[in-house]
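Here, each number is a calculation from the coordinates, and none is a lab measurement. In this text the structure is predicted, and so the values were computed from the model without any measurement. Note that we place each Cβ from the backbone using ideal geometry, even for glycine, and neighbour counts take in every protein chain shown.
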Amino acid sequence: MIKKISITTRSRAEFIDITSKVQDFVKESKIRSGACQIFVPHTTAGLTINENADPSVKHDILNRLERLVPFDGDYSHTEDNAAAHIKSAIVGTDKTIFIEDGEMKLGTWQGIFFCEFDGPRQRNIFIHIAGK
Ligand code: ZN
């Protein structure tokens, strides 16, 4: 059971909370016990799970990533988006979340974020749910 979600990002770098979109698909699947895998098929974007209660957390992560890997720098890659590739490599492009009693086992403060590092663009996210 695979679902594709398409999103349009609005900035060069931003985190978009996709928790409710994933939750909707988990409910729709009627899987009570299993796992949900999320995969981003892009080389300049990624996924992270982190606090979604205080929005300053995602800004701190984005700002610190930008300081670690500035968009403009001494890179070999000639498409002018080397920093975005590196940030994607740092955060990764997939996550697995367990499902129990029909609910994702996320922590109280955890949300799932799509990470744009080379926007704005049209992006896809694949969600696979397995279980019974
Ligand atoms: Zn590139």
So which residues in region 12-56 are surrounded by fewer than 12 Cβ atoms within 10 Å (Cβ to Cβ), closer than 28 Å to Asn81 by Cα and among the small types (Gly, Ala, Ser)? Ser56
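So which of Gln37, Gln23 ends up being away from the ligand (no atom under 16 Å from the Cβ) and in contact with a His (Cβ under 8 Å, 6 or more places away or on another chain)? Show your work before the answer.
Working: Gln23 fails: in contact with a His (Cβ under 8 Å, 6 or more places away or on another chain).
None of the other options fit; the residue is Gln37.
Filter region 92-132 down to the residues that are among the acidic types (Asp, Glu) and outside any loop (DSSP other than H, G, I, E, B), then identify the one that is surrounded by the most Cβ atoms within 10 Å (Cβ to Cβ). Let's see the steps before the verdict.
Pass one, region 92-132, residues among the acidic types (Asp, Glu): 94, 100-101, 103, 116, 118.
Those left that are additionally outside any loop (DSSP other than H, G, I, E, B): 94, 100, 103, 116.
Working: Asp94: 13, Glu100: 12, Glu103: 13, Glu116: 28.
By that ranking, first place goes to Glu116.
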Does Ile49 meet the test of being part of a strand (DSSP E or B), under 17 Å from the mean Cα position of the chain (by Cα), more than 16 Å from the ligand (Cβ to nearest atom) and of a type in the set (A, V, I, L, M, F, W, C)? yes
Sole residue being part of a strand (DSSP E or B) and either within 30 Å of Lys105 (Cβ to Cβ) or in contact with an Asp or Glu (Cβ under 7 Å, 6 or more places away or on another chain) (or both), chosen from Ile7, Ile31: Ile7
From (1) more than 16 Å from the ligand (Cβ to nearest atom); (2) assigned to a loop (DSSP other than H, G, I, E, B), pick out the condition that doesn't hold for Phe71. (1)
Tell me whether region 92-112 contains one or more residues that are closer than 21 Å to Thr8 by Cβ, within 16 Å of the ligand (Cβ to nearest atom) and out of contact with any Lys or Arg (no Cβ under 8 Å at 6 or more places or on another chain). yes
If a residue has to be hydrophobic (A, V, I, L, M, F, W, C) and buried (at least 17 other Cβ atoms within 10 Å of the Cβ) to count, how many in region 68-91 make the cut? 6
